Every structure is written in C-alpha cells, then in structure tokens.
Amino acid sequence: MRVSSRRLGVYAVALAFAIVVNFILPRLMPGSPVDAMVAQLGPRATPAAVEAIKARFGEIDQPIMMQFLDYLKGLATFDLGVSVKYYPQTVVQVLSRATLWTIFLVVTAIIFSLCVGVVLGAIAAWRRGGRFDTIVSPFAVILFSIPPVIVALTTLFVFAVSLRWFPVGYAYDPNLDPGFNFTFFGSVFMHAILPMLTLSPFLIGEFQTTMRSSMIVVLGEDYVTMGRAKGLSNLAVMFGYGARNALLPVLTNLALMLGAVFGGSIVTEIVFNYPGLGLTLFTASVARDYPVIQGQLLLMTLATLGANFLVDIIYGLVDPRLREAGR
C-alpha cells in the first residue's frame with residue numbers, strides 16, 4: 001500500500017519543525033545551560049567534556065548556521081552528545097536502554113486494549129439497548145475519564161503494597177541476571193502487568209466508544225443485511241462484515257491518541273519506577289541533563305510520526321477502497 005505524497009510531505013515538515021525547535025530551545029533558555037551542566041559534572045568536567053557541551057549548546061564563537069549544520073551532522077551520525085547525569089555514557093546509550101522497555105510496555109498495552117475495546121464495542125453495538133450495552137458503554141466513558149496517575153497510584157497501593165500480588169516496581173527482579181531464560185522473562189512479565197493495566201483503562205474506554213459508534217453505522221449497510229440473508233451465523237456477520245469495516249475510525253483514533261499514550265507512559269513509569277523513557281525524562285529533568293532531554297524529545301517525535309505512518313499503511317490494508325485508489 002502506498003502512502004500519498006501529501007502525507008509524506010506532512011511527516012517531513014513535522015520532523016523538520018521538531019528538529020529546528022529542538023536546536024533552538026536550549027539557546028533561548030534564560031541563564032546558561034552549559035554552566036548548569038558543568039556544575040552537575042563537578043570533578044568529572046574534563047576540558048574535553050566542557051568544550052563538547054559548549055559546542056552542543058552554542059556557547060562557541062561560530063555563526064548560528066554553522067552550529068545548525070554541525071547539529072544536523074550529529075543527528076545524521078546518531079551523535080546526540082554525552083549525558084550529564086550518566087557521564088561518560090552517551091545520550092544514544094542512555095536512550096537505547098530505556099526505549100526497549102517503553103516500546104514493550106506501550107505496544108503490549110495497545111494490543112491488549114485494542115483487542116478488548118474492539119470486541120466490547122462490537123458486542124455493545126450488536127446488542128444496542130440491551131443489558132450488555134447498558135452496562136459496558138457507560139463504564140467505558142468512566143474508564144477514559146480517569147487520569148492515568150490515579151489509576152497508577154490505586155493499582156500500586158491495592159495490588160502491590162496491600163495485597164502483594166505483584167512487584168512494587170522496576171522492570172524485573174534486580175537479583176536476576178538478564179538473559180534468555182524463563183526465569184528472567186517470567187520476572188519481566190510479572191513486573192509489566194501493573195504498568196500495562198494502568199495504561200489500558202483509558203485506551204479500552206476510547207476504543208470501545210469509537211468501535212460502538214462506528215459499528216452502529218456499519219450495521220445499517222446493505223452488505224450486512226446481505227450477510228444475514230445468506231444465513232451466516234451472528235458471529236460471522238458481526239466480525240466478518242460489521243467489525244472489520246468499523247475498524248477504520250478506531251485506527252484513526254489510535255493515531256490521534258499516540259501522544260496521550262506516551263504521556264500516560266511517563267506518569268506510569270515514574271509511579272512504578274519502570275526504567276523506560278518516561279522515567280529517564282523525569283530523571284534528566286531533575287538533573288538538568290539537557291542532552292538527554294533534547295534527544296528524548298526528538299525520539300518521541302520520531303516515534304509518534306513513525307506510528308502514524310504505520311497506521312496509514314494498516315489503514316490502506318484494511319480498507320480496500322484505499323488500495324484501489326493507490327493503484
């Protein structure tokens with residue numbers, strides 16, 4: 001499936017805007033971020049490290065355009081600078097370690113919520129006005145109305161602190177050595193359950209509400225009536241004719257919600273001390289680690305644009321009309 005050149009142009013403009021803002025912001029900050037970072041480094045502030053930080057944030061005798069070109073060269077070679085808090089680790093090393101945990105957490109939560117929300121929405125629309133719809137639909141509104149921080153603190157207190165069913169925090173048991181074995185993967189799974197369930201209520205509520213509304217419209221189409229007239233089972237008509245065609249607005253909603261999902265993951269990772277990008281951003285903000293903050297903001301922009309691009313491709317695969325238009 002081809003994505004239109006107009007959409008690709010929108011992604012290119014958004015990426016260019018994010019890069020420019022990411023370059024300009026540290027240079028507009030009051031005071032000197034370089035002095036703050038050098039103070040953070042303390043005795044570790046070698047002359048080479050200080051010069052590298054000055055070059056990164058424009059405190060050098062060089063025209064602004066030359067600085068911008070050097071900045072672009074750094075991005076092209078994945079040179080995002082050196083972390084102040086985790087010196088001498090580079091920003092790429094710090095973000096690479098955290099990105100895997102956030103991808104695992106966010107993707108797992110989205111897949112779980114998409115499956116649950118779509119099925120609940122399809123059944124609620126199929127039984128519109130019935131007891132199932134009367135209970136599930138208002139409950140979905142409640143789910144996406146509750147802020148993630150409240151869900152996170154509640155689940156942490158109830159299931160981890162009081163009942164002790166799940167670990168209190170972190171991504172795996174610190175006493176284990178990471179490796180490809182069932183013990184380690186089991187620990188990762190147990191530590192991910194509460195953060196994933198914290199992210200899921202908001203997503204399930206959104207998916208259920210969108211799916212129900214879309215499905216109600218689709219159920220009035222002629223091809224659904226034709227499916228029923230052919231004597232197909234209710235499940236075949238519901239999911240094969242109705243739910244499949246009602247998925248398009250859900251996917252569109254998913255693309256629009258990605259920013260909120262990343263925002264929710266920041267709160268969740270802080271509450272559960274989960275070593276992903278959210279906790280890294282919080283730690284970097286407290287330590288005034290500007291290179292990590294810059295790199296992470298750029299990374300989250302790329303992740304959001306990439307996810308939207310992926311949704312565009314899936315959208316075309318699900319909707320045959322877009323496939324025909326692309327030929």
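Taking residues in the stretch 239-268 that are farther than 19 Å from Gly306 by Cβ, and partners anywhere that are surrounded by fewer than 16 Cβ atoms within 10 Å (Cβ to Cβ) and among the acidic types (Asp, Glu), the pairs with Cβ atoms closer than 9 Å and at least 6 places apart or on different chains are Tyr241/Glu221; Gly242/Glu221; Asn245/Glu221. Scanning the stretch 299-327 for residues that are part of a helix (DSSP H, G or I) and at pLDDT below 65 turns up Pro320, Arg321, Leu322, Arg323, Glu324, Ala325, Gly326. The residue that is nearest to Phe23 (Cα to Cα), counting only those in the stretch 265-307 that are polar (S, T, N, Q), touching a helix residue (DSSP H, G or I) at 6+ places or on another chain (Cβ under 6 Å) and open to solvent by 30 Å² or more (accessible area, probe 1.4 Å), is Thr301. Would you mind stating whether Pro167 is surrounded by 11 or more Cβ atoms within 10 Å (Cβ to Cβ) and not in a helix (DSSP H, G or I)? When the stated conditions are applied, Pro167 passes them. Do we find that Phe202 is open to solvent by 10 Å² or more (accessible area, probe 1.4 Å) and more than 19 Å from the chain's Cα centre (by Cα) in this structure? Judged against the criteria, Phe202 is not a match. Listed by position, the helices (runs of 4 or more DSSP H) enclosed by the stretch 73-157 that each have at least 1 residues that are farther than 30 Å from Met211 by Cβ and of a type in the set (Val, Ile, Thr) are 91-126. Among the criteria (1) at pLDDT 90 or above; (2) surrounded by 14 or more Cβ atoms within 10 Å (Cβ to Cβ), the one Thr134 does not fulfil is (2). Within the stretch 276-298, the residues that satisfy the criterion of being under 22 Å from Ala255 (Cα atoms) and assigned to a helix (DSSP H, G or I) are Leu277, Gly278, Gln296, Leu297, Leu298.
The values are calculated or read from the model by the stated rules, or taken from the named source; none is laboratory data. Predicted, not measured: the structure shown is a model, and the values here were computed from it. Glycine also receives a Cβ, built like all others from the backbone with ideal geometry; neighbour counts cover every protein chain displayed. Note: areas computed on protein heavy atoms with side chains; ligands, DNA, RNA excluded. Shrake-Rupley method; radii C 1.70, N 1.55, O 1.52, S 1.80 Å.
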